[in-house]
Amino acid sequence: MTGIRALPYPFPLRRGELALIVIDMQRDFVEPGGFGESLGNDVGRLSAIVPTVKRLIEGCRAAGIPVIHTQECHRPDLADLPPAKRNRGNPSLRIGDQGPMGRILIAGAPGTAILDEVAPLPGELVIQKPGKGAFYATSLQDELRKRHLSQLIVAGVTTEVCVQTTMREANDRGYECLLAEDATESYFPEFKAATLDMIRAQGAIVGWTASVDTILEALDV
Ligand code: C5J
């Protein structure tokens, strides 16, 4: 078995069963003037990883690894947005409200779009998700099963919210996950560091972590 040099020990790569999943690289989280910034966050931390995420995506494509994208968004009628989620953050600007880039996190709004630099290619799977985890109320598990995929490289934002939630959901469903350390980011550096530690603690209790360079080297790209 070939392994990828990872923490806390080599990731047991099964290349034919591996996909890359890129979480929520959306304008509203990453660009100035979006929802993330309206909550008082420094979006510069997130925009700084865009070139690295792009390199990982392009490397995986070159290696023949399927690339899956997620997009956090809701229906225009908000039927999939419970008050427990809508009433969070800055109450003057909530999910579904009109923001500087259209209705915040509503399907089809400009701010909800995935950044051009890391946009899906035609034919790549895009999972629209109303929750933090990519498995909640989506077809992701069925799509992975159909493609006989059992391992995920995980990238995207934010590390301790949608990325970590997705990794925990995936792990509970039997998927092995490798988090790309420098292709994920948080508005809070200490939360990112803690998340990486939590994921790989206790013998990879949730998953593994490795740098993008190391992952691409193992994929021979
Ligand atoms: C958040 C996400 N932070 N994609 N979403 O609300 O992590």
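Odds and ends about this structure:
- Helix 189-204 and the longest principal axis of the C-alpha atoms of the chain enclose an angle of approximately 40°.
- The alpha-carbon of LYS132 sits under 17 angstrom from the alpha-carbons of these aspartates and glutamates, leaving out residues fewer than 8 places away in its chain: ASP24, ASP28, GLU72, ASP80, GLU160, GLU169, ASP172, GLU185.
- Share of carbon and sulfur in the accessible heavy-atom surface of the stretch 83-221 [1.4 Å probe, %]: 53 percent
- Surface accessible to a 1.4 Å probe, per residue, for the residues of the stretch 127-188, Å²: 36 Å²
- Cross-link reach list, aspartates and glutamates versus LYS54, counting only Cα pairs under 13 Å and skipping chain neighbours closer than eight places: ASP116, GLU117, ASP182, ASP213
- Converting the Cα gyration tensor eigenvalues of the chain into ellipsoid dimensions via √(5λ) gives semi-axes, longest first, of 28, 18, 17 Å.
- Förster radius 25 Å - calculated FRET efficiency between ALA193 and VAL221 (Cβ-Cβ, nearest 0.05): 0.35
- Each Lys and Arg contributes +1 and each Asp and Glu -1, all at the Cβ; summed about the Cα centre of the chain, the dipole is approximately 500 debye.
- Accessible surface of the stretch 1-71, 1.4 Å probe: 55 percent of it comes from carbon and sulfur atoms.
- Mean ellipticity per residue at 222 nm, deg cm²/dmol - from DSSP H runs of n ≥ 4 across the chain, formula -39500 (n - 2.57): -8000 deg cm²/dmol
- The stretch 178-221-the stretch 50-121 distance, computed between alpha-carbon centres (Å): 21 Å
- Cα-based reach from LYS129 at 21 Å (exclusive), listing lysines while leaving out same-chain residues under 8 positions away: LYS85, LYS146
The values are calculated or read from the model by the stated rules, or taken from the named source; none is laboratory data. Owing to the predicted nature of the structure, the values given are computational and were not obtained by experimental measurement. For neighbour counting, all protein chains shown are included, and Cβ atoms are generated from backbone atoms with ideal geometry for every residue, glycine included. Keep in mind that these areas ignore ligands, DNA and RNA; they rest on the heavy atoms of the full protein, side chains included. Shrake-Rupley method; radii C 1.70, N 1.55, O 1.52, S 1.80 Å.
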